[in-house]
Amino acid sequence: MSVTWDPGDGSALLTCTGAGTPWHRGLDPKAPSPDCGHTFARASDFVSGGVFTVTATAHWRVAWHGAGQAGAFPDLMSTAAVAVQVEEVQTVSDGPT
């Protein structure tokens, strides 16, 4: 299984293997993703509607067997999208460059 993400902010597509890390209470929202992630570099207020449309496409294969037969359904996929408003992007500087 893999998931291909389009962050909707003009950056490159990101393909992550596996289903990702499930969220649970107590995770630090500021911590980097342990397996696959994206950081927005700018706020979404410059785009029409003020949101980025984030799209995730899950890719998987199904193998089956029964009644003395077997088979596979390769390359199945499902896509979903959600509007994400990025209000603020902060920059940390360690001094003049």
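The values are calculated or read from the model by the stated rules, or taken from the named source; none is laboratory data. These figures come from a predicted structure and were not determined experimentally. Please note: Cβ atoms are built from the backbone with ideal geometry, for glycine as well, and neighbour counts cover all protein chains shown.
Only one entry in 61, 42 is assigned to a strand (DSSP E or B) and among the basic types (Lys, Arg), namely 61. Listed by first and then second residue, the pairs linking a residue in segment 1-17 that is under 12 Å from residue 53 (Cβ atoms) to a residue that is of a type in the set (Ser, Thr, Tyr) and surrounded by fewer than 15 Cβ atoms within 10 Å (Cβ to Cβ), with Cβ atoms under 8 Å apart and 6 or more places separating them unless they lie on different chains, are 5/15.
The residues of segment 69-97 that are more than 24 Å from residue 19 (Cα to Cα) and at pLDDT 95 or above, listed by number, are 69, 70.
If you go through segment 26-50 and keep only what is of a type in the set (Gly, Ala, Ser) and in contact (Cβ under 8 Å) with a residue 24 or more places away in the chain, you end up with 41, 43, 44, 49, 50. Filtered by the rule that a residue be out of contact with any helix residue (DSSP H, G or I) (no Cβ under 9 Å at 6 or more places or on another chain), surrounded by 10 or more Cβ atoms within 10 Å (Cβ to Cβ) and not in a loop (DSSP other than H, G, I, E, B), segment 79-97 gives 79, 81, 82. Residues that are hydrophobic (A, V, I, L, M, F, W, C), more than 19 Å from the chain's Cα centre (by Cα) and over 30 Å from residue 76 (Cα atoms) within segment 30-66 comprise 46, 47, listed in sequence order.
Listed here are the residues, each with its yes/no results for (1) among the hydroxyl-bearing types (Ser, Thr, Tyr); (2) touching a residue at least 40 places away in the same chain (Cβ under 8 Å); (3) touching a Pro at 6+ places or on another chain (Cβ under 6 Å).
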residue: 21; (1), (2), (3): yes, no, yes
residue: 24; (1), (2), (3): no, no, no
residue: 52; (1), (2), (3): no, yes, no
residue: 55; (1), (2), (3): yes, yes, no
residue: 65; (1), (2), (3): no, no, no
residue: 68; (1), (2), (3): no, no, no
residue: 72; (1), (2), (3): no, no, no
residue: 78; (1), (2), (3): yes, no, no
residue: 83; (1), (2), (3): no, no, no
